1. Taking the stretch 168-191 as the region of interest, how many residues are exposed (fewer than 15 other Cβ atoms within 10 Å of the Cβ) and in contact with a Leu (Cβ under 7 Å, 6 or more places away or on another chain)?
2. Quick check, is residue 365 of a type outside the set (Val, Ile, Thr), over 15 Å from residue 259 (Cα atoms) and free of Cβ contacts under 8 Å to residues at least 24 places away in the same chain?
3. Could you tell me which residue of the stretch 103-156 is farthest from the ligand (Cβ to nearest atom), considering only residues that are part of a helix (DSSP H, G or I), charged (D, E, K, R) and free of Cβ contacts under 8 Å to residues at least 40 places away in the same chain?
4. Here are some conditions: (1) touching a helix residue (DSSP H, G or I) at 6+ places or on another chain (Cβ under 9 Å); (2) surrounded by fewer than 17 Cβ atoms within 10 Å (Cβ to Cβ); (3) of a type in the set (A, V, I, L, M). Residue 367 meets all but one. Which one does it not meet?
5. In contact with a helix residue (DSSP H, G or I) (Cβ under 7 Å, 6 or more places away or on another chain) and at pLDDT below 90: which single residue out of 266, 195, 247 fits that description?
6. Which number in (1) of a type in the set (Asp, Glu); (2) in contact (Cβ under 8 Å) with a residue 40 or more places away in the chain; (3) in contact with a helix residue (DSSP H, G or I) (Cβ under 9 Å, 6 or more places away or on another chain) marks the one condition that residue 179 misses?
7. Of the residues 165, 145, 151, which is surrounded by 16 or more Cβ atoms within 10 Å (Cβ to Cβ) and in contact with an Asp or Glu (Cβ under 6 Å, 6 or more places away or on another chain)?
8. Restricting to the stretch 325-361, what's the tally of residues that are closer than 22 Å to residue 107 by Cα and in a loop (DSSP other than H, G, I, E, B)?
Amino acid sequence: MKKFIKKLVADVKFADAGTGHRLNEEPAPKPGPSSAPAPTPRRPPSASAQSAGAAALARFEAANNKQSSGLKAQQLELKRQMQRQASEERSVSVQSGPREPEVVPQLGLKMVCPVCGVSCPKPDISAHFESCLEKELELKPLETTCTMIHTLNKDEEKLAVGVKTLAFFVQNVVNCPDDEKYKKIRVKNAGVQKKIMPLVGGVEFLEIAGFTRIADEADDEEYFIMLETPTVEHLNLCVETLQNAKKAAPTLDRDVKVLQPSVGSKRYELSSDFYRITKEDLMAEQKRRAEEAERGEILRTKAMRDRDAGIGMRIYHYTIIRIRFPDGLILQGTFSAHDVVESIFKFVESALRHPVTFNLITPGCPALKRDSTLLKAAGLVPSGLLNLSTSDQTEFTLLSDDLVCKLSDL
Ligand SMILES: [Zn+2]
């Protein structure tokens, strides 16, 4: 404590470089040749004096901890009120037509890495996934190699044949551990060339199982040779892991949000991640237009002509679904255009505080049927707003506490 005070004093002295004075008093007039009695105007405290003051204040606060916790709660509540008010003001200015150009938030897609579970913006996920796999390969070589075999070999048939052949080679050693012929596989063997060598991860798997790739100068051939026979447990584990491994691909992050009513009614823009035009999409669109032209439409709006010229044509593969709850709060999730209506119901159920029976209603339409209609076909792409109606009477919001805590701006 003495040390602290000493420092405080030193700071003040240094700051003023003159006679010492209390922080809350006028500085004493400096003695000088001119002894004019005119009072010197008060100078603002210097930076170090301010920091010394702040430190003293902090000490004071610490001493009055009991009181300050109540004060903090009050301050927090006030801050919340101010934020609420600010948000309401913002929304009013948007609704009444903004004078300044409106900043439209852009919604991007996020994907979840299957290895570590981290969520990344879509454009970054490939690089992230790759580096995650590399790290995993060092930590868990067998599991990761098997996952890579199942993930990176896109041709299902070749994958199935490759996995069967790899398992066969290892299983032979398990069945006949003393038979040397199963421990030496010629690389140029037609089956190996056709089924193993083109398989991504195939050679790596054989090496993990216990084979070593060796060139034999005697017959100028390459072989996979088991120099030492691994334990039966290791060989069995390799076969099991290979056969049970699953494809690992990044999945769409629902990116669940709960929005305040005022925020939920604001405009937003979808990032280009949401749409891309495939060759199939283009052909289908061309066919549809040809049919329309055949029907001989004479009256065409500008929007139609634009569409024919390909302006603004976007085929969306993802969609933002918003569900407005009876209390006005809006639940938002990102879906694939190929998801089914049933998935929205499940999404809502997972967000509820407790189970309730509910209907989802698109304004002006009958209640949504809980079935396997694609969101695309249900007209819920690239976005959809649904109202949740329920007979459940409750004072509290139907949304779970976890979600309400996430209440956010876009
Ligand atoms: Zn990861």
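The values are calculated or read from the model by the stated rules, or taken from the named source; none is laboratory data. Everything numeric in this text was worked out from a predicted model, so none of it was measured. Every residue, glycine among them, receives a Cβ derived from its backbone with ideal geometry; neighbour counts consider all protein chains shown.
1. Of the residues in the stretch 168-191, 0 are exposed (fewer than 15 other Cβ atoms within 10 Å of the Cβ) and in contact with a Leu (Cβ under 7 Å, 6 or more places away or on another chain).
2. The answer is yes for residue 365.
3. Per the criteria, the residue is 156.
4. All conditions are met except number (1).
5. Being in contact with a helix residue (DSSP H, G or I) (Cβ under 7 Å, 6 or more places away or on another chain) and at pLDDT below 90 holds for just one of 266, 195, 247, which is 266.
6. Of the numbered conditions (1) of a type in the set (Asp, Glu); (2) in contact (Cβ under 8 Å) with a residue 40 or more places away in the chain; (3) in contact with a helix residue (DSSP H, G or I) (Cβ under 9 Å, 6 or more places away or on another chain), the odd one out for residue 179 is (2).
7. 145
8. Adding up the residues that qualify gives 6.
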